[in-house]
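Derivation of every value follows stated rules applied to the coordinates shown; laboratory data play no part. On a predicted model such as this, the values are computed, not experimentally measured, just so you know. We place every Cβ from the backbone using ideal geometry, glycine too, and count neighbours over all the protein chains shown.
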Amino acid sequence: MSKNSVASRQRVIETAAAILSTKGLNGVSIRELAKLAKAPLGSTYHHFPAGKVQIITEAIEWAGEQAANTLKECLASDAQNGLLVFLQQWHNRVRSSAFQQGCPIVAAVIEASQDEHEEQVKLAVSDVFARWQKILIEHFTSQGKTVNRATSLALTTISCLEGAVILCRGYQSMEPFDAIIDTLPRLINNELK
């Protein structure tokens, strides 16, 4: 595969992730993806022989890996406040997009049908969430939490993050994100009264 071909394929994946985060799964069409990614339609079908499901699956995997890498970087740069830095980045992303940009992972799972052909999408989403959970469990256990407590905190963190993104978009307000930025660190540090 030539460099141009690889770059074109990657643009389609990244464009699909961007469309997922703003328009959701049903807002993605191969024709629109090819156009927005400036990729030839024929090449797009060639690179993704399984069609839309393959593109969406790879977009979820790519977006999930980007978020996982950012989370790891934030936690590595500041063991005490890295999670807060990560949450603040998401806060800024939602706010700066005027509530138009959400999480492509959640958009995909909410809209994925129960059809067998979309099973790949659901598996990709599950893998992404499991990867994020593992990163957070490792972080919380390194901070002295038991594995059970770390697991609970990891799931709570992911749930709060994804819930805040959805609520901010629904309310057209940053209040849900402000609430988790205020509350999650205190919950994690057992400071809630």
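Helix screen, the chain: DSSP H segments with Cα axial length of 30 Å or more and mean Kyte-Doolittle hydropathy at least 0.0 are 52-77, 119-142, 147-171. By the helix-only formula, in which each DSSP H run with n ≥ 4 contributes -39500 (n - 2.57) and the sum is divided by residues, the chain has a 222 nm mean residue ellipticity of -25500 deg cm²/dmol.
The base-10 log of I(q)/I(0) for the range 79-193, evaluated at q = 0.14, 0.20 Å⁻¹, reads -0.64, -1.13 [Debye formula, identical scatterers on Cα atoms, solvent excluded]. Projecting the Cα atoms of Thr157, Ala130, Leu184 onto the charge dipole of the range 57-188 (Cβ charges, centred on the Cα centre) puts Leu184 farthest toward the positive pole.
Ranking of Cys160, Cys103 by neighbouring Cβ atoms within 10 Å, starting from the fewest: Cys160, Cys103.
Pairs Lys38/Lys134; Lys38/Lys122; Lys3/Lys72; Lys23/Lys145: which are spaced more than 31 Å apart, C-alpha to C-alpha? Those over the limit are Lys38/Lys134; Lys23/Lys145. Sites listed here are trypsin sites (Lys or Arg not before Pro) in the range 1-95 whose DSSP assignment is loop and whose Cβ has at most 15 other Cβ atoms within 10 Å: Lys38. According to the calculation over all Cα-Cα pairs in the chain, the P(r) per 5 Å bin from zero is 1, 8, 15, 18, 18, 15, 11, 8, 4, 2, 0, 0 %.
Near Ala18: Cβ cut-off under 14 Å, other residues only, Lys/Arg at +1 and Asp/Glu at -1. The net charge is +2.
What is the sum of charges around Gly51, taking Lys and Arg as +1, Asp and Glu as -1, for the other residues whose C-beta is under 12 Å from the C-beta of Gly51? Around Gly51, the surrounding residues sum to 0. Extension gain, Glu111 to Thr141, is 7.4 nm, computed as 0.36 nm per intervening residue step minus the present C-alpha separation.
Taking other Cβ within 10 Å of each residue's Cβ, how do Thr146, Thr156 sort, fewest first?
So the ranking, lowest neighbour count to highest, is Thr146, Thr156.
Relative contact order of the range 57-188, taken over Cα pairs closer than 8 Å and 6 or more residues apart, is 28 percent.
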